[in-house]
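The values are calculated or read from the model by the stated rules, or taken from the named source; none is laboratory data. Predicted model only: the values in this text are computed from it and were never measured. Cβ placement follows ideal geometry from the backbone for every residue including glycine, while neighbour counts extend to all protein chains displayed. Calculation scope for accessible area: heavy atoms of the full protein, side chains included, ligands and nucleic acids excluded. Shrake-Rupley method; radii C 1.70, N 1.55, O 1.52, S 1.80 Å.
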Amino acid sequence: MRFSNQARAFFASIIVFSLLASLSFTLGQSRRQPPTSIEKKNKRPGEAPQPGEKTEEPLPPDLTGKPQEAEKVTVTTQIVNVDTVVYHKKSGQIVTGLKKENFSIQVDGGPQTITNFSTPDAPITVAMVVEYSKWSERFGRAAGGGWDPGTYEVIRPVAMFLQQFVKPPDDYVSVVAFDLRPTTLTDFTNDPTRISQVINLLLRNYPAFRETNLFDALKFTLVGGRGDSVVLEDSKSEKSDFGGLVSVQGRRRAIILVASGIDTFSKINYGDARKIAQNAGIPIYIIGTAELFYKKYEMFLPPTDSLTGMPGRMTFLQAKNALGTFAKETGGAYYPVTFPGELPSVLSTINALLRSQYSLAFNPGDVHDGKQHKIKVSVDVNGDGVVDDKEFVIQARQFYNAPKPDGAK
């Protein structure tokens, strides 16, 4: 039987259409299908892990706390903690054995009732924040005289404090190094072996970047956030959550900052960093690392930063002012170390101050005005009813910022 030309064309079109449909179905089946698992690749802090998922080793019971959102800088509790150290103005002798009745607190000139009081016998938790950048290496060459690596200027105080003043098993320490961004070298630990690993890690490596984002590092250490994973842990994740010192409760807390004070381009500014430090209520003890370099080369430095990025005299002066302000407003102390021989006495002084902190607290009431309030602590050492503020130095935080009214942005 012979088909007409129209019939042949009709059957040919049917065959072509069938082939195209079959090819389209095959390609559709070979495409990558979306995942069917409901597991999130990136979970928010606090979400429960999925079955079979690897979880991080929990912290000791008294150090547990949820990581804080980095953007939250407001006071979230009505209790305001004030860590206080008292020492004689002329002799520098630290006063011990004081009781709750020896202290009084005023806020904006009004007396406050001390609701909590503890003597200097609670365990201590310290976060060491170390500037580890090309600038710290260059500034340190002035102290080493060309014989020692410049990084020794920041490694020496870290190593001396970790080895001599951290006393396991009650004391805990965390080490955060920063240049462009903060990196947690070790989370809170009291293991002497791990502490030695931190020191060796700093000695074996060299700074990678010149920039130093000090304000971001302080914010990260105080309120926590998401940063680079702990270096000394075999973590498969590049990022991990760090709770910050504000999540540590029931312990005396402090930051030891080893830095030049220069900030290159942090995401937050100086005013934001001050507010975060004021709200945290954690004393910051600072060892300045650029003092000898500035004294030796001040006459050769330009007034402002040069085109090559070399900091000018104004930058160094601003850095010293910022470090002094952080220390003063938080109840800490600032030590611009000029020579390496000063370090033992400076670290001994810092350790003595840390071990002599009285922990006070008061309830400011239902204050939600979003304003800054001035704190003044007075002491009556001999208990005669007359304050001895002229004879003694009371080292304590100076401000707290009240939360904003309900509904305010």
Legend entry - Sole exception among (1) surrounded by fewer than 19 Cβ atoms within 10 Å (Cβ to Cβ); (2) assigned to a loop (DSSP other than H, G, I, E, B) for Ile282, by number: (1)
Inset, instruction - Considering each of Phe209, Phe220, Phe188, Phe215 in turn, give the residue that is outside any helix (DSSP H, G or I) and either within 18 Å of the chain's Cα centre (by Cα) or at pLDDT below 85 (or both). - result: Phe188
Inset, instruction - Name every residue in the stretch 219-239 that is closer than 21 Å to Leu202 by Cα and of a type outside the set (Asp, Glu), in order of residue number. - result: Phe220, Thr221, Gly227, Ser229, Val230, Val231, Leu232, Ser235, Lys239
Legend entry - Candidates Thr125, Thr96, Thr115 - the one that is crowded, with 18+ Cβ neighbours inside 10 Å, in contact (Cβ under 8 Å) with a residue 60 or more places away in the chain and among the polar types (S, T, N, Q): Thr125
Inset, instruction - With the condition kept exactly as written, say whether any residue in the stretch 308-316 is touching a helix residue (DSSP H, G or I) at 6+ places or on another chain (Cβ under 8 Å) and without any contact (Cβ under 8 Å) to a residue 40 or more places away in the chain. - result: yes
Inset, instruction - Please tell me if Gln249 is without any contact (Cβ under 8 Å) to a residue 60 or more places away in the chain and not basic (Lys, Arg). - result: no
Inset, instruction - Restricting attention to the stretch 181-227, report how many residues are over 20 Å from Val246 (Cβ atoms), crowded, with 22+ Cβ neighbours inside 10 Å and of a type in the set (D, E, K, R). - result: 0
Inset, instruction - With the checklist (1) open to solvent by 20 Å² or more (accessible area, probe 1.4 Å); (2) modelled with pLDDT of 80 or more in hand, flag the one item Gly140 doesn't pass. - result: (1)
Inset, instruction - Find the residue count for the stretch 369-396, including only residues that are over 20 Å from Gly92 (Cα atoms) and of a type in the set (A, V, I, L, M, F, W, C). - result: 2
Legend entry - Residues (open to solvent by less than 20 Å² (accessible area, probe 1.4 Å) and assigned to a loop (DSSP other than H, G, I, E, B)) located in the stretch 235-252: Gly243, Gly244, Val248
Inset, instruction - Find the residue count for the stretch 120-135, including only residues that are in contact with a Ser or Thr (Cβ under 6 Å, 6 or more places away or on another chain) and of a type in the set (Val, Ile, Thr). - result: 1
Legend entry - Scope the stretch 296-351; condition surrounded by fewer than 14 Cβ atoms within 10 Å (Cβ to Cβ), over 23 Å from the mean Cα position of the chain (by Cα) and under 30 Å from Gln93 (Cα atoms); matching residues: Phe339, Gly341, Pro344, Ser345
Inset, instruction - State yes or no: is Val231 in contact with a Leu (Cβ under 6 Å, 6 or more places away or on another chain) and open to solvent by 50 Å² or more (accessible area, probe 1.4 Å)? - result: yes
Inset, instruction - Taking the options Gln197, Gln163, name whichever one is in a helix (DSSP H, G or I), over 27 Å from Thr338 (Cα atoms) and of a type outside the set (Phe, Trp, Tyr). - result: Gln197
Legend entry - Where a residue in the stretch 360-386 is on the phi > 0 side of the Ramachandran plot and its partner, wherever it lies, is at pLDDT below 90 and open to solvent by less than 20 Å² (accessible area, probe 1.4 Å), with Cβ under 7 Å and at least six apart: Gly370/Ala402
Inset, instruction - Please enumerate the residues belonging to the stretch 285-301 that are in a loop (DSSP other than H, G, I, E, B) and either more than 18 Å from Val129 (Cβ to Cβ) or touching a strand residue (DSSP E or B) at 6+ places or on another chain (Cβ under 7 Å) (or both). - result: Thr289, Leu301
Legend entry - Residues located in the stretch 230-276, provided they are within 25 Å of Ile155 (Cα to Cα), touching a Pro at 6+ places or on another chain (Cβ under 6 Å) and not β-branched (Val, Ile, Thr): Gly243, Ala254
Legend entry - Thr304 vs. criteria touching a Gly at 6+ places or on another chain (Cβ under 9 Å) and either outside any strand (DSSP E or B) or among the acidic types (Asp, Glu) (or both): yes
Inset, instruction - Just give me the residues in the stretch 258-277 being among the small types (Gly, Ala, Ser) and farther than 20 Å from Arg313 by Cβ, in sequence order. - result: Ser266, Gly271, Ala273, Ala277
